[in-house]
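Here's the structure, in structure tokens; my notes come after.
The values are calculated or read from the model by the stated rules, or taken from the named source; none is laboratory data. Since the model is a prediction, treat every value here as computed from it, not as a measurement. Positions of Cβ are backbone-derived with ideal geometry, glycine not excepted, and every protein chain shown enters the neighbour counts. Quick note on the areas: whole protein, heavy atoms, side chains included, nothing else; ligands and nucleic acids left out. Shrake-Rupley method; radii C 1.70, N 1.55, O 1.52, S 1.80 Å.
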Amino acid sequence: MNEHDDYELETLAIRAGIERSQFNEHSEALYLTSSFIFGSAADAAATFSGQKPGNIYGRFTNPTVTAFQQRLAVLEGAESCVATSSGMSAILATVMGLLSAGDHIVSSQSLFGSTVQLFGNIMKRFGVETTFVSQTDVAAWRAALKPNTKLLFAETPSNPLTEICDIAALAKIAHDAGALLAVDNCFCTPILQRPLDLGADIVIHSATKYLDGQGRVLGGAVLGRKEVIDPVYVFLRTAGPTMSAFNAWIFLKGIETLKLRMEAHSRSALELALWLEQQPQVERVYYPGLPSHPQYTLAKHQQKTGGGIVAFDVKGGKDAAWRVVDSTQMISITANLGDTKTTITHPATTTHGRITPEQRAAAGIGDGLLRIAVGLEAVSDIQRDLARGLKV
Ligand SMILES: *Cc1c(COP(=O)(O)O)cnc(C)c1O
């Protein structure tokens, strides 16, 4: 394909990043090799010194991983992309590549639990401090800035309450302070939201979720301008949390159906959210595609649809919520999301079980809250499975 032509995202998701081998294979090749050979001593020396482009060792580059990086970069509108072994190692590599002891992060408090642990506990031991602020309070982000703030970090929509932050407003705050804005785009994927277009400097992915889309393997990615990503790559090739070729191959195939899946997840999630709002046992529904969502207008402007994650409060607290979980016969009781299979989680006793009840209350995670990652089964079957436990 001619890369100067303007292709639509669904076309790029299928066609971008393919470099065929001498065998002219049609589908993407899987290169299971840890190292690459050279024609001569001089050839090896030129490749190692960087004078000659080429693969050297799997910790540095692999053609299947490169294909994945190129495809995702095109979809996010990024100049550069590095693939990682998981979503968490994408976040770790970003911090290790771009920050030093004495630097400061301003982060949303509504983050994936492991990211809170990484910033709040682990990075702190290495002299990087983090101030956590409300996802939706733009003034609080500005007030938390310090002279040594290097990074603003957000995840939108957030897990599990689907709070939306204003990416363009946060980008301006970051740039006025000489800092970078990183956005974890796991819930939306580039099909629904492109943070770089809105001014963000870095996009983070847990490819484990929607990019695979079928709950098979772990992976992640960091994307942005070349000058921002280069130091992240230096950390990766040195420290080693790189993506395996096999996983890259799985993600390449997953991405081919990403648009179809994201549209289907979103359609079903909206239908389910509207239905949940009608159930007498449901107190409140959290979904960015519902007009009742506090940031509905911002979400409409920033993302194409509401995405596939719906959360709701059940009347009656923990017992009532657990009854819904335990009455399901089809939906999977598991914390993963972005799968074809619908999953259900009780955040207060699982993903957010390790924080104090006070912290949970402050974060708005009540004992009756349930999170559904809506899969691709018939919505009527998902509703029937939930209705059993919602009966009065
Ligand atoms: C799952 C997840 C991560 C971490 O990704 P892993 O691939 O599990 O390491 C980071 N951010 C968000 C929003 C996630 O859902």
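Scan the stretch 83-107 and report the pairs whose first residue is not assigned by TED's automatic domain parsing to the domain that holds Leu72 and whose second residue is within 12 Å of the ligand (Cβ to nearest atom) and modelled with pLDDT under 95, with Cβ atoms within less than 8 Å and a gap of 6+ or a chain change.
none
Please determine whether any residue of the stretch 73-92 is surrounded by fewer than 18 Cβ atoms within 10 Å (Cβ to Cβ), on the phi < 0 side of the Ramachandran plot and assigned to a loop (DSSP other than H, G, I, E, B).
yes
For the stretch 317-369, name all the residues that are in a helix (DSSP H, G or I), exposed (fewer than 14 other Cβ atoms within 10 Å of the Cβ) and either among the aliphatic types (A, V, I, L, M) or at pLDDT below 90 (or both). Can you show your working first?
Here is the first cut: in the stretch 317-369, the ones in a helix (DSSP H, G or I) are 317-327, 347-349, 357-362.
Filter once more, keeping what is exposed (fewer than 14 other Cβ atoms within 10 Å of the Cβ): 319, 326, 349, 357-359, 361-362.
Within the stretch 317-369, Pro357, Glu358, Gln359, Ala361, Ala362 meet the criteria.
For Leu111, are the conditions met, namely being touching a residue at least 40 places away in the same chain (Cβ under 8 Å) and either within 14 Å of the ligand (Cβ to nearest atom) or among the basic types (Lys, Arg) (or both)?
Working: touching a residue at least 40 places away in the same chain (Cβ under 8 Å): yes; either within 14 Å of the ligand (Cβ to nearest atom) or among the basic types (Lys, Arg) (or both): yes.
In short, yes.
Sort through Thr64, Thr47 and tell me the only one that's assigned by TED's automatic domain parsing to the domain that holds Phe187, free of Cβ contacts under 8 Å to residues at least 12 places away in the same chain and touching a Phe, Trp or Tyr at 6+ places or on another chain (Cβ under 9 Å). Steps first, please.
Numbers: Thr64 fails: free of Cβ contacts under 8 Å to residues at least 12 places away in the same chain.
Result of the check over Thr64, Thr47: Thr47.
Name the residues in the stretch 118-127 that are open to solvent by 10 Å² or more (accessible area, probe 1.4 Å) and either more than 21 Å from Thr208 (Cβ to Cβ) or more than 11 Å from the ligand (Cβ to nearest atom) (or both), would you?
Of the stretch 118-127, the ones open to solvent by 10 Å² or more (accessible area, probe 1.4 Å) are 118, 120-122, 124-127.
Scanning the stretch 118-127 gives Gly120, Asn121, Ile122, Lys124, Arg125, Phe126, Gly127.
Mind checking whether some residue in the stretch 78-95 is among the acidic types (Asp, Glu) and either within 16 Å of the ligand (Cβ to nearest atom) or more than 19 Å from the chain's Cα centre (by Cα) (or both)?
Applying the first criterion (among the acidic types (Asp, Glu)) to the stretch 78-95 yields 79.
Checking which are either within 16 Å of the ligand (Cβ to nearest atom) or more than 19 Å from the chain's Cα centre (by Cα) (or both) leaves us with none.
Checked against the condition, which is being among the acidic types (Asp, Glu) and either within 16 Å of the ligand (Cβ to nearest atom) or more than 19 Å from the chain's Cα centre (by Cα) (or both), the stretch 78-95 yields no hits at all.
So how many residues does the stretch 214-228 have that are surrounded by 16 or more Cβ atoms within 10 Å (Cβ to Cβ) and under 29 Å from Leu180 (Cα atoms)?
8
Kindly indicate the residue of the stretch 281-292 that is open to solvent by 10 Å² or more (accessible area, probe 1.4 Å) and assigned to a loop (DSSP other than H, G, I, E, B) and also farthest from Tyr210 (Cα to Cα) among those meeting that condition.
Filtering the stretch 281-292 for residues open to solvent by 10 Å² or more (accessible area, probe 1.4 Å) gives 281-286, 289, 291-292.
Retained after the next criterion (residues that are assigned to a loop (DSSP other than H, G, I, E, B)): 281, 289, 291-292.
On the way: Gln281: 30, Gly289: 18, Pro291: 25, Ser292: 26 Å.
Residue satisfying both the conditions and the ranking: Gln281.
Report, ordered by the first and then the second residue, all pairs with beta carbons closer than 6 Å, sequence separation of six or more or different chains, a first member in the stretch 202-217 that is within 12 Å of the ligand (Cβ to nearest atom), and a second member that is among the aliphatic types (A, V, I, L, M) and part of a loop (DSSP other than H, G, I, E, B).
Partner pairs satisfying both residue conditions: Thr208/Leu218; Lys209/Leu337.
Name the helices (runs of 4 or more DSSP H) wholly within the stretch 120-199 that hold at least 3 residues that are at pLDDT below 95 and over 20 Å from Gly364 (Cα atoms)? Give the derivation first.
Working: elements: 138-143, 167-176, 189-192.
Because the criterion is at least 3 residues that are at pLDDT below 95 and over 20 Å from Gly364 (Cα atoms), no helices (runs of 4 or more DSSP H) in the stretch 120-199 meet it.
Does Ala101 count as surrounded by fewer than 24 Cβ atoms within 10 Å (Cβ to Cβ) and either closer than 19 Å to Leu218 by Cβ or among the small types (Gly, Ala, Ser) (or both)? Walk me through it before giving the result.
Numbers: surrounded by fewer than 24 Cβ atoms within 10 Å (Cβ to Cβ): yes; either closer than 19 Å to Leu218 by Cβ or among the small types (Gly, Ala, Ser) (or both): yes.
In short, yes.
Look through the stretch 218-264, keep the residues that are touching a Leu at 6+ places or on another chain (Cβ under 8 Å) and within 20 Å of Thr305 (Cβ to Cβ), and return whichever of them is nearest to the ligand (Cβ to nearest atom).
First pass over the stretch 218-264, keeping only residues touching a Leu at 6+ places or on another chain (Cβ under 8 Å): 219, 221, 223-224, 228-229, 231-232, 241-242, 245-247, 249, 251, 254-255, 258-259, 261-262, 264.
When the remaining residues are screened for being within 20 Å of Thr305 (Cβ to Cβ), the result is 254-255, 258-259, 261-262, 264.
Numbers: Gly254: 13, Ile255: 15, Leu258: 16, Lys259: 20, Arg261: 16, Met262: 15, Ala264: 19 Å.
Looking at the filtered set, the residue picked out is Gly254.
Of these, Thr130, Thr189, Thr162, which one is open to solvent by less than 30 Å² (accessible area, probe 1.4 Å), over 27 Å from Tyr296 (Cβ atoms) and either assigned by TED's automatic domain parsing to the domain that holds Tyr286 or among the hydroxyl-bearing types (Ser, Thr, Tyr) (or both)?
Only one candidate passes the filter, namely Thr130.
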